[in-house]
Amino acid sequence: MTLRQFAGLGALLSLALPGLALAADPVAEPVLNSGDTAWMLTATALVLFMTIPGLALFYGGMVRSKNILSVMMQCFAITGLISILWVVYGYSIAFDTTGMEAGVVNFNSFFGGMGKAFLAGITPSSITGAAALFPEAVFVTFQMTFAIITPALIVGAFAERMKFSAMLIFMGIWFTLVYAPIAHMVWGGVGGLMWDWGVLDFAGGTVVHINAGVAGLVACLVLGKRKGFPTTPMAPHNLGYTLIGAAMLWVGWFGFNAGSAAAANGTAGMAMLVTQIATAAAALGWMFAEWLTHGKPSALGIASGVVAGLVAITPAAGTVGPMGALIIGLAAGVICFFCATSLKRKLGYDDSLDAFGVHGIGGIVGAILTGVFAAPALGGFGTVTDIGAQVWIQFKGVAFTVIYTAIVTFIILKVLDAVMGLRVTEEEESVGLDLAQHNERGYNL
């Protein structure tokens, strides 16, 4: 029998006996992709690395020596607190889709259900993913690291003056009423408020950075200025720590952005590339803006520019191309420089470590420009065909996040201030929070 005759016989048999074909080709079970799983495990570790030790060192170096342990302690305590709250109910609020329906605005458009509370139903065999399949336990942990770093970013706005006890309670409530609902609205899927609007936020421009930046601004306004600000010099005590922390954030951010592809694929590869381009452009943009304005470039400036670029590219990382990333990064570096220096001085608020000036402003710049450079006509890889319409959608997402976060954060802080007080005493502030709150010193000479 020739090869052609054999093939013809096979075709006749498949037509005559369709049951045989079905029996030979059962419905395939979902198969976990080990390569994608390995990448997501790596990305998760990188994002946790961003908070401890990355952010702890970045912030720790910028405060005065009498407060270094307090800032690091806050980062570690937040990591522990949010990890537990995420397991108990945070993951469920953010990602339980019960009651959600496309185009229908209801309670579950803002707040997820409790079907996944205490991680109910999640086992070693539970898998998730769209582009690829990997354990749901890995997805839970990956998203947990995002939930950890967001409130930790707020610490930079009120550093050196908030009671540790008040900080812990504030972060727990803020995570519950602000972070988890915003994450649900943006990333919760069909039926989520901003998901249905079509807001593009690949890795957390609104969910993480605008959210944290606005909350930080409200916090520093409610607490008031540090004792002696702005007349007393409050220079960073160890910029070496800050530069090391910034380097750790830069490296860890590849897990943040490329990991948000939820697969080891082309989107992850492009996200990594555009993250590097935007960060480099922002670092240079801030450096040259400072050089031209103040006469000399500073180490603190270039470190801040690095973070501004990382922030700005975050919402765009999955949809913009290299040249779009270059423009976004450059714009973020220059705009954040002026907001963290000239604008802050003009308005007089004491955002200790520029949480709003870098994360809030950088997040807004990135979110809006995502609507422009996600368009294929400008080298993007999104589905944007009407740039004006998408920019309006992005603006709506930014505006909603700013207003919701500002109002809820203000209410939480005012209630806590009335119940237990937010600030340490003037004497404790003068001594430093390391001794006053933790009975330790960062340096014993």
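Counting only Cβ charges, +1 for Lys and Arg and -1 for Asp and Glu, the dipole size of the stretch 293-445 around its Cα centre is about 580 debye. Extents of the stretch 98-226, largest first, come to 49, 34, 24 Å (Cα atoms, principal axes, whole angstrom). Mean-square fluctuation check for the chain, GNM, Cα pairs under 10 Å: which of Glu427, Glu136, Glu160 is largest? Checking each option, the largest mean-square fluctuation is seen for Glu427.
Counting only whole DSSP H helices of the chain, the ones at least 27 Å long by C-alpha along their axis and with mean Kyte-Doolittle hydropathy no lower than 0.5 are 136-158, 239-258, 266-294, 387-419.
Highest GNM mean-square fluctuation among Phe373, Phe58, Phe229, for the chain modelled with Cα contacts below 10 Å: Phe229.
Averaging the Cα positions of each part gives two centres, and for the stretch 359-387 and the stretch 41-58 these lie 26 Å apart.
Cα centroids of the stretch 246-278 and the stretch 283-333: 16 Å apart.
Accessible surface for the chain, divided over its residues, is 41 Å² per residue with a 1.4 Å probe. If you take the square roots of the eigenvalues of the alpha-carbon gyration tensor of the stretch 207-269 and sort them as a ≥ b ≥ c, do you get rounded (a/c under 1.5), prolate (a/b over b/c) or oblate? Cα axes put the stretch 207-269 in the oblate bin. The base-10 log of I(q)/I(0) for the chain, evaluated at q = 0.05, 0.10, 0.11, 0.12 Å⁻¹, reads -0.20, -0.69, -0.82, -0.97 [Debye formula, identical scatterers on Cα atoms, solvent excluded]. Atom-type composition of the exposed protein surface of the chain places 71 percent of the accessible area on carbon and sulfur (1.4 angstrom probe).
Highest mobility in the GNM of the chain, judged by mean-square fluctuation with C-alpha springs under 10 Å and restricted to Leu200, Leu55, Leu32, is found for Leu32. Amide H contacts of Ile127: Glu136, each under 5 Å away and 5 or more positions distant or on a separate chain (H built 1.01 Å from N in the peptide plane; Pro and chain starts excluded).
Would you calculate a helix-derived [θ] at 222 nm for the chain, using -39,500 (n - 2.57) for each DSSP H run of n ≥ 4 and dividing by the full residue count, to the nearest 500? So the calculated ellipticity at 222 nm is -19500 deg cm²/dmol.
The values are calculated or read from the model by the stated rules, or taken from the named source; none is laboratory data. Bear in mind the structure is a predicted one, so any value in this text is a computation, not a measurement. Don't worry about glycine lacking a Cβ; one is built from the backbone with ideal geometry, like all the others, and counts go over all protein chains shown. Heads up: the accessible areas ignore ligands, DNA and RNA and are worked out on the full protein's heavy atoms, side chains in. Shrake-Rupley method; radii C 1.70, N 1.55, O 1.52, S 1.80 Å.
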